[in-house]
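Q: Let me give you the structure first, and then I'll get to my questions.
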Ligand code: CP
Ligand code: NVA
């Protein structure tokens, strides 16, 4: 039975922990000759319906470093652009490749393609989830603090794919998360409902609110994301004022622990959700996060595609 990664909830605690351990090993032993045989003789299709810098590069480099063959399809350069369905595309892909990495406009598209495809499908970001990002971020938190349990994570800003995946990761592993979003940009109820029983079972504590200071106070990690997702830039002028109180600046960060770290999935819109001072300041670990995408995705592929 193939294992997809559409959301972190798909994996469960044991597999998430195995992926995080293997990611550390991949990082420590980067370039080890044995890695080249993990995807030896295997091909992976990558499909991007939205722009990407980190995901596209880290998957291409990661597949190469595991000895595999990466084939990139852009949505515009494939028959998806002419209306071939995601399901038909999934049926075709399984006849050629050993895994699919898919960045989709709509989460439903990743689900449709995965349901039709007999080889594992990895969600490389949809409008609702970004599991590879958050698995890399959990690796980064563990690397920084030496543990995940007891680390208090606060998220401020846009209640979208990044915070949804953070909620899933925290729920699966039994961690602590406080979420502050504008009332107009809260996480989806449908995702909250999926996460709640998993959090209950693992002992995770997830609080939702609208007050950024209350949620950041005493945090070990302060995480933010762009206020306007890819494809939503047209909302900027009308909605910027709703987000202003959620900007991660020195004043907001001062409410976190003095030892707190600052995280951002990137790309950042400097001067909107995060100031230059915070992004470039000593508490920022945003580029460690970007690097760890490579290591964690190699671990994901080593676990799911072989
Ligand atoms: N964080 C992230 O997924 O970046 P890209 O959009 O550049 O891939
Ligand atoms: N929430 C952002 C994440 C980018 C990696 C977006 O969807 O554009």
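Every read-out reported here was derived from the displayed coordinates using simple, explicitly stated rules and does not represent laboratory data. All values derive from a computational prediction rather than experimental measurement. Cβ: placed from backbone, ideal geometry, glycine included. Neighbour counts: every protein chain shown.
Q: Working from Cα positions, state the angle (0 to 90°, nearest 10) between the long axis of helix 189-202 and the longest principal axis of the chain.
A: Value to nearest ten degrees: 90.
Q: Order these by the 10 Å Cβ neighbour count, fewest first: 52, 37.
A: Arranged by neighbour count, lowest to highest, 52, 37 become 37, 52.
Q: Mind sorting 102, 228, 145 by how few other Cβ atoms lie within 10 Å of their own Cβ, fewest first?
A: Sorted ascending by nearby Cβ count, the order is 145, 228, 102.
Q: What angle, in degrees between 0 and 90 and rounded to the nearest 10, separates the Cα long axis of helix 161-173 from the longest principal axis of the Cα atoms of the chain?
A: Taking the Cα atoms of the chain, the angle to 161-173 is about 90 degrees.
Q: Ranked by Cβ crowding within 10 angstrom, fewest neighbours first, how are 96, 208 ordered?
A: Ordered by Cβ neighbours within 10 Å, fewest first: 96, 208.
Q: Tell me the angle of helix 286-304 to the major Cα principal axis of the chain, expressed in degrees between 0 and 90 and rounded to the nearest ten.
A: 40 degrees
Q: Hey, another quick one. If each DSSP helix of 4+ residues adds -39,500 (n - 2.57) and the sum is divided by the residues in the chain, what number results at 222 nm, nearest 500 deg cm²/dmol?
A: -12500 deg cm²/dmol
Q: Please work out the Cα center distance from region 224-295 to region 134-160, rounded to the nearest Å.
A: 14 Å
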